[in-house]
C-alpha cells in the first residue's frame with residue numbers, strides 16, 4: 001500500500017501547485033510518485049504543464065513522476081451501474097414503482113465516493129511509493145472524507161452484515177424471482193461494504209494516510225483552517241503538516257510606496273500566523289513573481305517548502321483523534337460516590353459551537369455542526385453524564401454512577 005498524502009485548503013490558496021510540487025520533489029529524491037486530482041477544476045494538468053488522462057502516465061521532463069486526473073463521471077458509469085441495477089431489482093421487488101426506483105438509486109455523493117475509492121485502488125495496486133492527492137476545497141474534502149463512514153452506516157441499516165440475513169431480506173421483499181438474482185444483489189452489496197471498510201481503514205491509519213492543509217495568511221482563511229483541523233480530528237484523520245502559502249517578501253529597509261505596501265502586508269500576514277498558536281509548526285512559501293508552471297518551477301517551490309528535508313514525513317502536527325489513546329478516563333471515589341471524567345482531545349477555537357448528547361452506549365459529539373458518535377468505555381456506560389467543560393485542547397465530560405445500573 002502506497003503512502004497517501006491528501007492536500008486540501010480553501011479555494012484559491014494554491015493547494016494544486018503545492019501538491020504537484022511535493023510529488024515532483026518526491027520523484028526527484030528517487031521515490032516513484034503519483035499525483036492525482038479529485039478536484040473538478042482540472043487544474044493539475046495546468047500546474048504540471050501536461051495533458052492528463054484518467055489513467056496514470058509519466059510526466060515529460062520528470063524522473064519517476066506520474067500523474068492523472070480522476071474522472072468521477074466515468075467511474076459512476078462503470079462501477080456504479082451494476083449495483084444500481086441490483087438495487088432497482090430490490091426496490092422493484094419491494095413494490096416500488098420502476099421510475100421511483102430509478103430515482104432512488106441516484107445517491108448524492110456517489111461520484112466523490114468512487115473518486116476516493118479510485119485513489120485507494122491506485123495506492124494499493126500501483127508501483128508508486130507515494131500517492132499525492134490534489135483534493136477539492138476544504139468543505140468538499142471534509143464531505144468526501146466523511147462519505148465512507150456515512151455510506152457504511154446507511155448500508156448497514158438497510159442491509160445487515162450477515163449475508164444470510166441479507167439474502168433472506170431480499171428474498172422476502174421479492175416474492176417472486178430466482179434465488180440467483182437475490183444472491184447476485186447480496187454479493188454486490190457485500191463488495192460495496194468491503195470497499196467502504198477498506199476506505200475507512202485507510203483514512204484512519206496515520207501510517208498510510210495523512211492530510212496537508214494549505215492556507216494563505218488571511219484571517220478568514222486561518223479561521224477556516226482551524227475549523228478544518230477540528231473537523232478532521234473529529235473524523236480521526238491525521239494532519240501531518242500545515243503550509244502557509246504566498247507570503248509577500250519583506251522589503252527590508254527600502255523606502256517608497258511599494259516598500260510601504262509590502263511592509264504593511266507582510267506585517268498583517270505575520271500577525272495572522274502568530275495567532276495560529278497550538279497547531280504545531282507551519283511551513284511557509286513565498287509569493288512568487290511568476291506562476292510556477294512545469295516541473296522545474298515546481299521543484300523550486302518544493303525546495304523552499306522542504307529545504308533539504310524529506311518531503312514524505314512532514315511536520316508532525318498534533319491532530320487529535322477521538323479514538324484510541326486520545327480518549328482518556330480518570331476518576332476518584334468508590335461505589336455510587338465515585339466521580340469520573342472523560343477527556344476527548346480536540347483542537348478547539350474560542351468560537352467553537354459544541355453540543356453533547358448521550359445516545360445509548362455512545363456519546364454524540366457535535367462540533368460546529370459536524371457530528372460523531374464516540375463509543376464510551378465500558379465503565380462509563382453504567383454512568384450518567386453530569387456536565388462538560390471545553391478548552392482549546394478538547395472537551396472534559398463528567399460522569400457519576402447510575403444507581404439503576406451500578407453493581
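The values are calculated or read from the model by the stated rules, or taken from the named source; none is laboratory data. Keep in mind that what you see is a predicted model, and the values were worked out from it rather than measured. Neighbour counts are summed over all protein chains in view; Cβ atoms, including those assigned to glycine, are modelled from backbone coordinates with ideal geometry.
So which residues in the stretch 202-234 are part of a loop (DSSP other than H, G, I, E, B) and in contact with a strand residue (DSSP E or B) (Cβ under 7 Å, 6 or more places away or on another chain), if there are any at all? Once the filter is applied, which keeps residues that are part of a loop (DSSP other than H, G, I, E, B) and in contact with a strand residue (DSSP E or B) (Cβ under 7 Å, 6 or more places away or on another chain), the stretch 202-234 yields 208, 216, 217.
Residue-wise test of (1) assigned to a strand (DSSP E or B); (2) exposed (fewer than 12 other Cβ atoms within 10 Å of the Cβ); (3) in the same structural domain as residue 242 (by TED's automatic domain parsing).
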| site | (1), (2), (3) |
| --- | --- |
| 347 | no, no, no |
| 350 | no, yes, no |
| 355 | yes, no, no |
| 364 | yes, no, no |
| 374 | yes, no, no |
| 381 | no, no, no |
| 387 | yes, yes, no |
| 406 | no, no, no |
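Could you tell me whether any residue of the stretch 312-328 is at pLDDT 90 or above and assigned by TED's automatic domain parsing to the domain that holds residue 250? No: the stretch 312-328 contains no residue that is at pLDDT 90 or above and assigned by TED's automatic domain parsing to the domain that holds residue 250. Applying a threshold of 6 Å to beta carbon distances and a minimum spacing of six or more residues, or different chains, the list of pairs starting in the stretch 219-234 at a residue that is free of Cβ contacts under 8 Å to residues at least 60 places away in the same chain and ending at one that is in a helix (DSSP H, G or I) reads 219/272; 222/272.
Among all residues of the stretch 289-310, there is none that is in the same structural domain as residue 6 (by TED's automatic domain parsing), modelled with pLDDT under 85 and either under 24 Å from residue 201 (Cβ atoms) or not in a loop (DSSP other than H, G, I, E, B) (or both).
Across the stretch 252-272, the number of residues qualifying as part of a helix (DSSP H, G or I) and either surrounded by fewer than 16 Cβ atoms within 10 Å (Cβ to Cβ) or without any contact (Cβ under 8 Å) to a residue 24 or more places away in the chain (or both) comes to 14. Residues of the stretch 47-69 include at least one that is assigned to a helix (DSSP H, G or I) and at pLDDT 90 or above. Considering 364, 404, 388, 357, which residue is free of Cβ contacts under 8 Å to residues at least 40 places away in the same chain and farther than 25 Å from residue 229 by Cα? Only one candidate qualifies: 404. Here is the figure for the stretch 126-144: residues that are assigned to a loop (DSSP other than H, G, I, E, B) and buried (at least 20 other Cβ atoms within 10 Å of the Cβ) total 1.
Looking at this structure, is residue 249 touching a helix residue (DSSP H, G or I) at 6+ places or on another chain (Cβ under 6 Å) and not in a helix (DSSP H, G or I)? It is false that residue 249 is touching a helix residue (DSSP H, G or I) at 6+ places or on another chain (Cβ under 6 Å) and not in a helix (DSSP H, G or I).
Yes or no, residue by residue, for (1) outside the structural domain of residue 240 (by TED's automatic domain parsing); (2) touching a residue at least 24 places away in the same chain (Cβ under 8 Å); (3) out of contact with any helix residue (DSSP H, G or I) (no Cβ under 6 Å at 6 or more places or on another chain):
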position	(1), (2), (3)
4	no, yes, no
36	no, yes, yes
42	no, yes, yes
57	no, no, yes
65	no, yes, no
